[in-house]
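Structure first, commentary second.
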Amino acid sequence: MLTGIQPAEVVVGRIVGTFGTRGEVKIAAADTDIFRPGMRLRLHSHSEATASEAELPPETRSAVIESARLHKNVVVARLQGVDDASQAAALRGAAVSVSRDALPALEAATFREIDLVGMQVIDERLGSLGAVREVLAYPACHMLVVGSARTLVPMLSAYGMTVDAQAREIRTTLPEGFEELR
């Protein structure tokens, strides 16, 4: 977890580049639907954070989204006070966090990828498989990347998958022979 991030905040993306000459930025994010005008962001500069596990000092920059739209696989956003490409370029690499309260509510039995990362995956037959490192979206289902071996575990109800957010555990019953695929 980012130590410079308050517990009520979550990292939702990273600024990966600029778009055009008018100061828009491109934000890579797992959940592109959350970005909307008026949303307040906290930007943690790339020199302070190079990975999601980095420690961040408390100094951050706040920004408010003026406009946001999806372009290919990234969010293109205009941020208040960022008026040209050079100002936008200075933000490249910044981690983007928001208040958890600013995120839209989820339907029952749905989870944000950022909440699944770090949870322990436990198979009823194989035991602990490790912690979730990331979540990959495939057309058929989402896959959990688990443990140092980066084992892919499908998120399918057919395998009896349950998520216990309080215990930070994901339980599943993978099919016979799964361990041979690892």
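Derivation of every value follows stated rules applied to the coordinates shown; laboratory data play no part. Here the structure is a predicted model, which is why all the values come from computation and not from measurement. Quick reminder, even Gly has a Cβ in these numbers, built from the backbone with ideal geometry, and neighbours come from all protein chains shown.
For the pair Gln80 and Phe111, what calculated FRET efficiency results from E = 1/(1 + (r/R0)^6), where r is the Cβ-Cβ distance and R0 = 30 Å, to the nearest 0.05?
Values: r = 31 Å, r/R0 = 1.03.
Once rounded, the FRET efficiency stands at 0.45.
Taking 0.36 nm per residue of sequence separation and subtracting the Cα-Cα distance, how much length would be gained by fully extending the chain between Leu126 and Ala149, in nm to one decimal? Mind dumping the intermediate values first?
Numbers: separation 23, 0.36 × 23 = 8.28 nm, distance 1.48 nm.
Here the segment from Leu126 to Ala149 would lengthen by 6.8 nm.
Any chance you could run the full-extension gain for Asp31 through Val64? It's 0.36 nm times the residue separation minus the Cα-Cα distance, nm to one decimal.
Working: separation 33, 0.36 × 33 = 11.88 nm, distance 1.80 nm.
10.1 nm is the gain from fully extending Asp31 to Val64.
Could I have the simple spin-label model distance between Thr173 and Thr21, label points 7 Å from Cα toward Cβ, reported in nm to one decimal?
Simple spin-label model gives 6.3 nm for this pair.
Taking 0.36 nm per residue of separation and subtracting the Cα-Cα distance, what length does fully extending Ala140 through Ser157 add? Don't jump to the answer; show the numbers that get you there.
Values: separation 17, 0.36 × 17 = 6.12 nm, distance 1.24 nm.
My answer for the length gained is 4.9 nm.
If I take every Cα pair under 8 Å that is 6 or more residues apart in the stretch 8-154, average their sequence separation and divide by the length, what percent do I get for the relative contact order? Don't skip to the end; give the middle numbers.
Details: 295 pairs, mean separation 36.4, N = 147.
Over the stretch 8-154, the number comes to 25 percent.
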